[in-house]
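Taking it in order: structure first as structure tokens, then the write-up.
The values are calculated or read from the model by the stated rules, or taken from the named source; none is laboratory data. In this text, all values refer to a predicted model and were calculated from it rather than measured experimentally. Methodologically, a virtual Cβ is constructed for each residue, glycine included, from the backbone with ideal geometry; neighbour enumeration extends over all protein chains shown. Note: accessible area is taken over every heavy atom of the protein model, side chains too, but ligands, DNA and RNA are not part of it. Shrake-Rupley method; radii C 1.70, N 1.55, O 1.52, S 1.80 Å.
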Amino acid sequence: DDKPTLAFVVNGASDFWKAAEAGVKKAQGELPDYNLELKYPEQSSVAIQQRLMDDLVTAGVKGIMVSAVDPKTSTDGLNKIASQTALFTTDSDAPQTKRVAYIGSSNVDAGKQAAEIAKKAMPDGGKCLGFVGLLGADNAKERIQGMKDGLAGTKIELVDVRGDDIDQARAKKNVEDALVASPDITCMVGFYSYNTPRIYEALRDAGKLGQITVVGFDDDPITLGGVKEGTVAATVVQQPFEWAYQGMKLMAAYLKGDKSGIPEGGLIIVPTKIIGKDDVDAYAANLKAMAGK
Amino acid sequence: MSKKDLGLLVLILVVGAVVTAINPRFLLPINLANTSNLIGLFGILSIGQAFVIITGGIELSVGSVVALLGTLFIDFIAVRELDWPLAFVLIIALGAIIGLVHGWLITRLKLQPFVVTLCGLLIYRGVARFYTADGTAGFAFGQNFPDLEFLTAGRSYGVPNSFIALIIIAIVMWVVLHRSVFGRYLYAIGKNEEAAKYSGIRTGRIVMAAYVICGVLTALSAIYFAMYTRSISPASHGQFYELYAIAAAVLGGFSLRGGEGSLIGVILGTVLLQELQNLVNLLGIPSSLNFAVMGGVILIGVLVDQQWGVFRARRQMIDATRRNVAGAPAE
Amino acid sequence: MSKKDLGLLVLILVVGAVVTAINPRFLLPINLANTSNLIGLFGILSIGQAFVIITGGIELSVGSVVALLGTLFIDFIAVRELDWPLAFVLIIALGAIIGLVHGWLITRLKLQPFVVTLCGLLIYRGVARFYTADGTAGFAFGQNFPDLEFLTAGRSYGVPNSFIALIIIAIVMWVVLHRSVFGRYLYAIGKNEEAAKYSGIRTGRIVMAAYVICGVLTALSAIYFAMYTRSISPASHGQFYELYAIAAAVLGGFSLRGGEGSLIGVILGTVLLQELQNLVNLLGIPSSLNFAVMGGVILIGVLVDQQWGVFRARRQMIDATRRNVAGAPAE
Amino acid sequence: MNYSDVSIAQSAIAPFLSLDGVRKTYPGVVALDGFSMEVRPGEVIGLVGENGAGKSTLMKILGGVTRPDTGTITVDGVAHDGLTVEASIGSGIAFVHQELNLFENLDVAANIFFGREPLKAGPLKLVDRSKLREMVAPLLKRVGANFSADAPVASLSLAQQQMVEIAKALSIKARLVILDEPTSSLPIAETEKLLDVIKALKAEAISVIFISHRLHEVERVADRVVVLRDGMLAGTLPKNQINHDQMVKLMIGRMLKERERVSDSAHAPGGTALSARAVRTSAYPERPVDLDVRHGEILGFAGLVGSGRTELARVLFGIDERFGGSVTLDGKTLKLGSAADAVASGIFLVPEDRKLTGILLDLSIAENISLPNLPAHAKHQLVSTSAEIATAEKQKSNLGIKAPSVATRTGTLSGGNQQKVVLAKWLAMNPKVMILDEPTRGIDIGAKAEIYGLMRALADAGVAVLMISSDMEEVIGVSDRIAVMHEGQISGILEKDDFSQENVLRLAVGKKPLPAQAVGGAQ
Ligand SMILES: Nc1ncnc2c1ncn2[C@@H]1O[C@H](COP(=O)(O)OP(=O)(O)OP(=O)(O)O)[C@@H](O)[C@H]1O
Ligand SMILES: Nc1ncnc2c1ncn2[C@@H]1O[C@H](COP(=O)(O)OP(=O)(O)OP(=O)(O)O)[C@@H](O)[C@H]1O
Ligand SMILES: [Mg+2]
Ligand SMILES: [Mg+2]
């Protein structure tokens, strides 16, 4: 068919993007004149994502919304895409490129919210250890920085962050080893969506659930369960559903010539939220509703 | 226990002693239990790999199989709600079938093991990712399978049951490899398949059996891994595990040319690798150096082993010459 | 061009025709240029790998070397502000040194190629990650190197310069492999190293030279890759590229046992692999299946090649039998 | 000028090469012990000795493949304490190894000039291919090759490959050509050609060291015979003293009463054991073969190079696919889908290529012997080492295998002892049909006699023995009947009365044998 195609390109395969898929789906319902699709690169690497976008452009895609693997340094590659289609960024911004707009959250703010959770849960201070997939990735660095900023001047300290290269067995072992190596740790932070559930399980296996404060990111079912149970202090959630839903509609409008939705500077921040014990049921219900289940 | 194995054991103990000296918490029962749990998981995998390597083959698809079968296992019991023993049997059967297909392609259609299993590496992970639509397979919060969890992730008297499983498997496989007719055939085939064939051995069947054993053990460890992480992103789960398994076998004295290596060796190789991983965390070495440490130790281990062999052979030679010169009969 | 190569070429054309029929945009100049750019990048890598495979060796550290040298190259010119020609020479020299060390460990210290380069795979990536403290190496905004960019990422008459580089390298390497004494020695060593030694060939040096060639070509492609992505996260950059290179060689008719394969074959193998990747994206096949498609095609390709050989041999045999029945001399 | 004049004249000439006090040890073995000899220009030296006497070791030292522990090697007056391959080639020593050293993936021409390719001008060292072809043609003609210069070596038979090796040695502008058992797989016609080549070399003042266990060949070409025993010089025979008995005496330290001949069959052969009907092999798919072997007989199987005997043997043993036809054993049709099938029905093969297919060099003697019958040495599928060792010990003493113990790696044994291990593994089972492909290839005279004795003992015990051999004396001396193969078909079967070299040769080239009285007349 000849309907113009809009693509949402993510930065790697992860359940995190399932909500975005739902958002794309919802937007599709409201944009019958467009084909909307969500694309996973087969590997989380710049070269492969770049190639995927090149091929999409070749295939005639009119607009691309991308969560770039490494936006800071992919300026030229992104500009090449931007010169041939309407390019939007999401998840992590590339402000130096010719992208039309960024729609997503601020990872620094999310990190600060995590600090809020920690401060509330540990008014007397504590020692935190973080866990993350890729220590070098921008989103990890920003969240860590945000949290450190948020903790500045308190008695809470983020002493170290351990990476696991997105190997979940290693993620869990890292928590186990941390419990051995640093018995004085009072709080653990899972910076990637799967880190918090691994923390939860390692603590459960060690019988330390509830003794150590867990600060989470994202909304893995185990994380939400832990929040509800009270063993996870709270979690900072982003809203990929909104990014996708609003983003796709915005892109469609933009391609039709309606640029009213794009603010000066092109930054559209969908704020992250803290989901604590009291919010979790409503949040989970909302998730379900969005996924159309 | 061979001299090679003994050397490896000494290395493991020395490393352990050094780590303990720096951070005595290394010897905490909980740390030993955690590490031995992973030794169990990777050990089962590595024994399977060892059976293939002995025949002069290689199994590169191990990591992808761990991802695919792990995904299916969790999907079977968490989403499709099959009884876990049924799911367990299904997964093991699937592992056996994968091994059978590999063995068949290699022995009947004469494809190279490296090629067949490389394709497997690519295909199985792809299938797993497609199956979950690039999502995650995991248990819902609070989903519990007490018996299964006890068997896979539980502990008996503080010892992880996965480690106990490894010990049992290792004993059985030691007998199979070092005492049975089948084991002897494996070594013979690894040394010289053609000559083994000329001795009337049905080499095709034996090699196929080795791949089936590898498939079954990999399936078993896939289940253990699945129950350990309790959640699987097929895109990354088990990536590079084939390298762990191969590295353990190589450290344990296996030759990739086939026909060499002992079961104790591969277990010790696994122990050393996991000790290294543990060490990186306990000593606070940057996690980025994790793999580099592993690579460095394997290289040094293999080098020392090799040079030691050369040295010994040379000394024997010199001794022999000296003895001869001293006591040569005049005639 | 051998029959094998011809078969591969036909396959490439058929696949191309089918894709064009479904999505005519496949033939857009821009698409061909994009794809041939990647063919250039991966082709250079694969030729290097081919030289090692011919000797019966294997080079598994390719992906990690691409990550390490790419990181260093960008760091040299973007952060340390070296002149790019100097940085270029340094990186190539580093590639040669890596190859030399591998070759030395393999030929002098008699370690197995698989083991040496597996350790390389682990170590180099670790070093790269440590070097950037698990960060990213990339150019600052607006940092430009017009000459370098033209040579690596530019186009001449619409043809990517990387592809032109590949063509030049391929021609040179074709002569080296198929017409020079050195090439002949490589084949000989791959088939029977012992005999080559008895013929007075310094096999150690020849094999070492093969690893150095591989190192240099890998370094060159590392620079191309770096200038293509312009940013490198050492943790993931170049991961699995060794598999691409090995797969291209295997598709191109190389045997991992050594002594077999042609340069045209490895180039065609690279073309097919990149065509497949392009196809997956153009036809809207889920990218999760990308690797599975690649694995499937390699397996089928190797199988068809193998079975076709068996089939031809058998038909010849049957023909011979029939001829005899018809016109057997009475004697 | 007679021969004694020549040797006097030659002793005046400075030797091209001399060895002095050369000693070489391997772990547990002294392969050479203070050995000295000289080689003069244009001299053909026959080097003989039992298996494991150290002949190949000596040649490997000359070829630069191994270094001696002590001793000096003097080439053209320059003393070395060890040569490298380059130094050896550089000083004009050409070497045909006992084990073939060809590259299957290269063609004949590339193999012959391997390492010495003619180059085009320029820095790239490109091979001048047309010149190479020109250079190869006369060499192939000289060895009487029936294959072309650009045939891939993989497509040649063992004997043809040996010719390539010889052509290679000739191609070196050599001053000394070392031939380590070059005739071990050559049939008679090709052997003749080789002996002519040796004479031609001599005429060009090129020295030759010729190692062979076929003493009559040595007798014919050698100017001087050097005999090795247990790594030491047992003696040197000048031209006029070279004869079979002298050589044997020096080799084994005693006189053999007469040429060791195997005793004739004690009784008439039994019924047909193995019967092949219209069997086609991949070598000659268009030629169906019929062959019967009877219980209690030794059927000799003669033929020229590439006549297809090995292929037939491999088909009968189930290793190679059979293209049509049927095989029966004692009237029962056999499946023969694999060697395992053949072994299960009691058909055993002693293959032509001992090191690649006969034994596993890395396994011990005991492990090799038990391998085909491992379940019988196991309880509940678990191998009993003591049962294994018992079987091996028995075979070791029965066959007189010379080795420190049955736990010795077979790779360190000499050729003859390795061959005995191959035999031992089958003798330890119950053979019904024993196929032996060139069973005495590279085997010394003493061991040969023992192997003939073993074959006869087998036949006397009712086993059907099929012996493929290219050694005419052996075929005629040992067989009860001789089947001759010509281009994939049995061209005739000779009964004992018709045995003669001429008859075998006529059949081998496809002619009819002479009638019995004509043969008698010719002799
Ligand atoms: N690489 C080796 N390692 C150990 N022992 C060896 C090795 N090569 C040869 N030997 C031993 O050295 C001795 C001499 O062997 P060599 O091959 O020189 O004998 P040969 O006279 O050529 O015998 P044949 O007639 O069987 O070829 C033998 O006892 C043999 O077992
Ligand atoms: N590996 C091979 N590939 C192709 N052809 C072969 C191969 N081996 C043998 N042949 C051919 O098969 C034919 C029969 O060879 P075979 O070895 O059976 O003969 P043979 O009578 O045993 O002779 P010999 O053993 O004396 O060489 C010959 O024409 C030979 O060239
Ligand atoms: Mg010898
Ligand atoms: Mg033969």
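Observations on the structure shown:
- Conditions (1) away from ligand 3 (no atom under 16 Å from the Cβ); (2) at the interface with chain C (Cβ under 7 Å from one of its Cβ atoms): number failed by D:V65: (1)
- Here D:A151 meets the list (1) touching a residue at least 40 places away in the same chain (Cβ under 8 Å); (2) under 19 Å from the mean Cα position of the chain (by Cα); (3) closer than 30 Å to D:V484 by Cα almost entirely, failing just condition (2).
- Against the conditions (1) surrounded by fewer than 20 Cβ atoms within 10 Å (Cβ to Cβ); (2) within 16 Å of ligand 1 (Cβ to nearest atom), D:G462 satisfies every one except (2).
- Some residue of the stretch D:140-158 being within 16 Å of ligand 1 (Cβ to nearest atom) and under 20 Å from D:N101 (Cα atoms): no
- Applying the criterion of being of a type in the set (D, E, K, R) and modelled with pLDDT of 90 or more to the residues of the stretch A:257-278, the residue that is surrounded by the fewest Cβ atoms within 10 Å (Cβ to Cβ) is A:D278.
- Subset of the stretch D:325-360 [in a loop (DSSP other than H, G, I, E, B), in contact with a helix residue (DSSP H, G or I) (Cβ under 7 Å, 6 or more places away or on another chain) and at the interface with another protein chain (Cβ under 7 Å from one of its Cβ atoms)]: D:P351, D:I359, D:L360
- Any chance A:A13 is open to solvent by less than 10 Å² (accessible area, probe 1.4 Å) and closer than 21 Å to A:M290 by Cβ: no
- Meets criteria (modelled with pLDDT of 85 or more and more than 10 Å from chain B (Cβ to nearest Cβ)) for C:G327: no
- Qualifying residue in the stretch D:495-514 (condition: away from ligand 1 (no atom under 16 Å from the Cβ), touching a Ser or Thr at 6+ places or on another chain (Cβ under 6 Å) and small (G, A, S)): yes
- Within the stretch D:297-320, the set of residues being touching a Lys or Arg at 6+ places or on another chain (Cβ under 9 Å), part of a loop (DSSP other than H, G, I, E, B), more than 7 Å from ligand 2 (Cβ to nearest atom) and not aliphatic (A, V, I, L, M) comprises D:E297, D:G318, D:D320.
Let's see how each residue does on (1) assigned to a helix (DSSP H, G or I); (2) within 18 Å of the chain's Cα centre (by Cα):
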| site | (1), (2) |
| --- | --- |
| B:R184 | yes, no |
| B:Y187 | yes, yes |
| B:G200 | no, no |
| B:V216 | yes, yes |
| B:L220 | yes, yes |
| B:P234 | no, no |
| B:L243 | yes, yes |
| B:A248 | yes, yes |
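- Odd one out for D:E86, checked against (1) within 27 Å of the chain's Cα centre (by Cα); (2) within 13 Å of chain C (Cβ to nearest Cβ); (3) closer than 27 Å to C:G204 by Cα: (1)
- The stretch B:277-301, residues that are surrounded by 22 or more Cβ atoms within 10 Å (Cβ to Cβ), of a type in the set (A, V, I, L, M) and at the interface with chain C (Cβ under 8 Å from one of its Cβ atoms): B:A292, B:M294, B:I298
- Odd one out for D:T236, checked against (1) of a type in the set (S, T, Y); (2) within 14 Å of another protein chain (Cβ to nearest Cβ); (3) away from ligand 2 (no atom under 16 Å from the Cβ): (2)
- Filter pass, D:S207 being away from ligand 4 (no atom under 16 Å from the Cβ) and surrounded by 22 or more Cβ atoms within 10 Å (Cβ to Cβ): yes
- Checking B:I58 against (1) part of a helix (DSSP H, G or I); (2) open to solvent by 10 Å² or more (accessible area, probe 1.4 Å); (3) among the hydrophobic types (A, V, I, L, M, F, W, C), the condition it does not meet: (1)
- Helices (runs of 4 or more DSSP H) completely within the stretch D:83-167 that count 3 or more residues being surrounded by fewer than 15 Cβ atoms within 10 Å (Cβ to Cβ) and away from ligand 4 (no atom under 16 Å from the Cβ): D:129-143
- The listed residue being modelled with pLDDT of 95 or more and farther than 24 Å from C:M294 by Cα, out of C:A195, C:A210, C:A222: C:A210
- Here the condition is being within 11 Å of another protein chain (Cβ to nearest Cβ) and open to solvent by 10 Å² or more (accessible area, probe 1.4 Å); of B:G200, B:G183, B:G259, B:G238, it holds for B:G200 alone.
- Test for C:V52: is it open to solvent by less than 10 Å² (accessible area, probe 1.4 Å) and either assigned to a loop (DSSP other than H, G, I, E, B) or more than 11 Å from chain B (Cβ to nearest Cβ) (or both): yes
- Within the stretch D:362-398, the residues that satisfy the criterion of being within 7 Å of chain B (Cβ to nearest Cβ) and open to solvent by less than 50 Å² (accessible area, probe 1.4 Å) are D:L363, D:L371, D:P372, D:L374, D:A378, D:V383.
- With respect to being touching a helix residue (DSSP H, G or I) at 6+ places or on another chain (Cβ under 9 Å), in contact (Cβ under 8 Å) with a residue 12 or more places away in the chain, open to solvent by 20 Å² or more (accessible area, probe 1.4 Å) and assigned to a helix (DSSP H, G or I), C:L100 fits the description.
- Residue within the stretch D:414-422 that is more than 12 Å from ligand 1 (Cβ to nearest atom), modelled with pLDDT of 90 or more and outside any loop (DSSP other than H, G, I, E, B) present: yes
- Positions within the stretch A:24-51 being at pLDDT 90 or above, crowded, with 21+ Cβ neighbours inside 10 Å and in a helix (DSSP H, G or I), in sequence order: A:V24, A:A27
- Among the strands (runs of 3 or more DSSP E) confined to the stretch A:133-218, the ones with at least 2 residues that are more than 10 Å from chain B (Cβ to nearest Cβ) and closer than 27 Å to B:G158 by Cα are located at A:187-190, A:213-217.
- Qualifying residue in the stretch D:120-127 (condition: at positive phi and without any contact (Cβ under 8 Å) to a residue 24 or more places away in the chain): yes
- Flag if D:V48 is within 16 Å of ligand 2 (Cβ to nearest atom), within 23 Å of the chain's Cα centre (by Cα) and surrounded by 22 or more Cβ atoms within 10 Å (Cβ to Cβ): no
- Residues of the stretch A:84-113 classified as open to solvent by 10 Å² or more (accessible area, probe 1.4 Å), modelled with pLDDT under 90 and not charged (D, E, K, R), total: 6
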